[in-house]
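**Student:** What follows is a single structure, and I will ask about it in a moment.
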Amino acid sequence: MTVESTAARSKPRRSSGKRTTTSGTRKRSQAAARPELVQLLTPEGERVEHPDYSVDLTPDELRGLYRDMVLTRRFDAEATALQRQGELGLWASLLGQEAAQIGSGRALRDDDYVFPTYREHGVAWCRGVDPTNLLGMFRGVNNGGWDPYSNNFHLYTIVIGSQALHATGYAMGVAKDGADSAVVAYFGDGASSQGDVAEAFTFSAVYNAPVVFFCQNNQWAISEPTERQSRVPIYQRAAGFGFPGVRVDGNDVLAVLAVTRAALEHARSGQGPMLVEAFTYRMGAHTTSDDPTRYRKDAEREAWEAKDPILRMRTYLEKEGLIDADWLSGLDEESDALAQRVREAIRTMPDPDTMAIFENVYADGHALVDEERARFAEYLASFADEEGR
């Protein structure tokens, strides 16, 4: 091959490269024009448009989202009060994160499967799990009070970040079964620093698993702020693993619904995983054993209270004439009834069978478990012998 022919062949490549650069600049400009935070409802309760995400809901559906958030917050408040009264050993409040959970929970189809952490009380509500069943583990009477397969809602996971791997494996199985459902893994900003989450990102991308990673970035991993965990916004991490990420206003129930629907459809349609970062705020303590006043300022909380997801939605509904005093009064009565049912349920919750801890360890039983059961039964019987003397 001559030098001239080599040079001639190289010209199209240089020209093509120039066109690619121009196209890339245009794409970057378009991306820069888009707001980083997807929002459809401002903190002042005004509807706004977004170029990529939208929802078209009926008045009943809009009222339903507000009702879900109000009832979930009331349940959460009752559980917190019950812990303070000694009825629960611990409670992880979702205060401030109602929109992130209700919006994403209502985006799910019945055949989708959810892997929660220990704070997804609103998602559990959307999946039809009886709120009183969420209390058993925190009271210490069971390891989770519901059948995961009856609602496609897995048991709460206390180990930070491990459910992301569980969700990825489940999603890989869904794909192999040829189903068109999706899987959602919920986790917090603190869990995004765990190795399990990074491994889940890797496996899900490589195997094109139909999973949506839903990160509720509530700004604080117990006492550690997000900026001490990541040099970039959490949603941008997805690009490094080869799949898209998006940041949504986590206090905007409409935007969360729209973004989660799109992410789920992305996963169902064979395009692989997607990361949703719901940018929200934990208005209460990490759990009831935590004191947030020791590590964050009151002014920060007050600024986020102005973005309250429930107040925002109520303002919008009132402006649109979709709710009135009678409707709100009826919702208050429903909230009171739910609170009463929760209080009655927790105080009448039976203690577990003492020997039940040995059940369901092995499907076919095991000699070592049988030995441990016998020794424990003998230990318990010794107390009865002492009382009889």
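The values are calculated or read from the model by the stated rules, or taken from the named source; none is laboratory data. Computed from a predicted structure; not experimentally measured. Using ideal geometry, Cβ is built from the backbone for each residue, glycine included, and neighbour counts are taken over all protein chains shown. We work out accessible area using only protein heavy atoms, side chains counted, and drop any ligands, DNA or RNA first. Shrake-Rupley method; radii C 1.70, N 1.55, O 1.52, S 1.80 Å.
**Student:** When the accessible area of the chain is computed with all protein chains present and a 1.4 Å probe, what percentage of it is carbon and sulfur?
**Tutor:** C and S atoms contribute 50 percent here.
**Student:** Heavy-atom accessible area per residue, the stretch 6-347, 1.4 Å probe: how many Å²?
**Tutor:** 45
**Student:** Show the residues, 5+ positions off or on another chain, whose built amide H is closer than 5 Å to the amide H of Tyr207.
**Tutor:** Sorted by chain and number, the residues that satisfy this come to none at all.
**Student:** Okay, moving on. Which value, in Å² rounded to 10, gives the accessible area of Leu322 with a 1.4 Å probe and all protein chains present?
**Tutor:** 40
**Student:** Rank-order 300-306, 111-117 by packing density, defined as the average count of other C-beta atoms within 10 Å over each peptide's residues, highest first.
**Tutor:** The peptides rank, most packed first, as 111-117, 300-306.
**Student:** Could you give the spread of the C-alpha atoms of the stretch 62-173 along their three principal axes, from largest to smallest, in whole angstroms?
**Tutor:** Over the stretch 62-173, Cα extents along the principal axes are 44, 35, 23 Å.
**Student:** Okay, moving on. Could you work out the percent of alpha carbon pairs in the chain separated by over 39 Å, rounded to a whole number?
**Tutor:** 26
**Student:** On to the next question. Work out the charge dipole of the chain with +1 on the Cβ of Lys and Arg and -1 on the Cβ of Asp and Glu about the Cα centre, then indicate which of Leu94, Tyr66, Ile160 is farthest towards its positive end.
**Tutor:** The one lying farthest along the dipole's positive direction is Ile160.
**Student:** Here's another thing I want to ask about it. Treating only the Cβ atoms of Lys and Arg (+1) and Asp and Glu (-1) as charged, compute the dipole magnitude of the stretch 229-378 about its Cα centre; round to the nearest 20 debye.
**Tutor:** Approximately 980 debye in magnitude.
**Student:** Mind putting a number on the dipole of the chain about its Cα centre? Charges go on the C-beta only, +1 for Lys and Arg and -1 for Asp and Glu, and I need it in Debye to the nearest 20.
**Tutor:** The calculated dipole for the chain is roughly 2780 debye.
**Student:** A further question follows. Specify the inter-centroid distance of the stretch 115-184 and the stretch 292-333, based on alpha-carbon positions, in whole Å.
**Tutor:** 28
**Student:** Please sort by residue number the GluC sites (Glu not before Pro) in the stretch 187-295 whose DSSP state is loop and whose Cβ has at most 13 other Cβ atoms within 10 Å.
**Tutor:** The qualifying sites: there are none.
**Student:** Still on this structure, please answer the following. Please state the shape class of the stretch 223-373: rounded when a/c is under 1.5, otherwise prolate if a/b exceeds b/c and oblate if not, all from the C-alpha gyration tensor.
**Tutor:** Oblate shape, in that a/c is at least 1.5 and b/c is the bigger or equal ratio.
**Student:** Within the chain, which DSSP H helices have Cα atoms that stretch 18 Å or more along the helix axis and a mean Kyte-Doolittle hydropathy of at least 0.0?
**Tutor:** Both cut-offs are met by 253-266.
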